[in-house]
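Structure record follows, encoded as structure tokens.
The values are calculated or read from the model by the stated rules, or taken from the named source; none is laboratory data. On a predicted model such as this, the values are computed, not experimentally measured, just so you know. A quick note on method: Cβ atoms are made from the backbone with ideal geometry, for glycine too, and the neighbour counts reach across all protein chains shown. Quick note on the areas: whole protein, heavy atoms, side chains included, nothing else; ligands and nucleic acids left out. Shrake-Rupley method; radii C 1.70, N 1.55, O 1.52, S 1.80 Å.
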Amino acid sequence: MLELKTRKTQKTMEPEIGLSILDHALKNDVDWGFSCTRGTCARCRCYVAHGRELLSLPSDEEESRLEPEEIEQGYRLACQCMIKQAGTISATHKPYF
Ligand code: FES
């Protein structure tokens, strides 16, 4: 199960392997702010509370856009992290502003 939360909504859906968190938000009409889809604007930034191990490893773009501490704490760029394995994943949209 994939749970996506924003300030206004909360939705659950079946995770699809190979799609990003942002792909899931867009497919399921979750109002998830984003802009570049290339890992540079960070508008899609999110906090992954559960299921970090079910996601792809941080991309080079995430490594350069996010602080190492943020990655360690569980922050990701939703356009960059792909579902790698089925399971329970929970992500909250956390843009900087
Ligand atoms: S949409 Fe720009 S970093 Fe994800």
Scattering profile of the chain at q = 0.13, 0.14, 0.15 Å⁻¹ [log10 I(q)/I(0), Debye over alpha-carbon scatterers]: -0.35, -0.41, -0.47
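Could you give the length gained by full extension between LYS84 and THR12, i.e. 0.36 nm per residue of separation minus their alpha carbon distance, to one decimal place? Write down the numbers at each step before the final one.
Working: separation 72, 0.36 × 72 = 25.92 nm, distance 1.74 nm.
Once the chain is fully extended between LYS84 and THR12, it gains 24.2 nm.
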SER64 paired with TYR47, simple spin-label distance in nm, labels 7 Å along Cα-to-beta-carbon: 2.8
Most fluctuating residue given options GLU63, GLU53, GLU16, as computed from a GNM of the chain linking Cα atoms under 10 Å: GLU53
Share of carbon and sulfur in the accessible heavy-atom surface of the chain [1.4 Å probe, %]: 48
Proximal lysines relative to LYS94, as straight alpha-carbon distance under 18 Å, when same-chain residues fewer than 8 apart are discounted: LYS5, LYS8, LYS11
Over the chain: helical MRE at 222 nm, DSSP H runs n ≥ 4 each giving -39500 (n - 2.57), nearest 500: -4500 deg cm²/dmol
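Taking 30 Å as R0, compute the FRET efficiency from the Cβ-Cβ separation of LYS27 and PHE97 and round it to 0.05.
On the way: r = 26 Å, r/R0 = 0.86.
Computed FRET efficiency for LYS27 and PHE97 comes out at 0.70.
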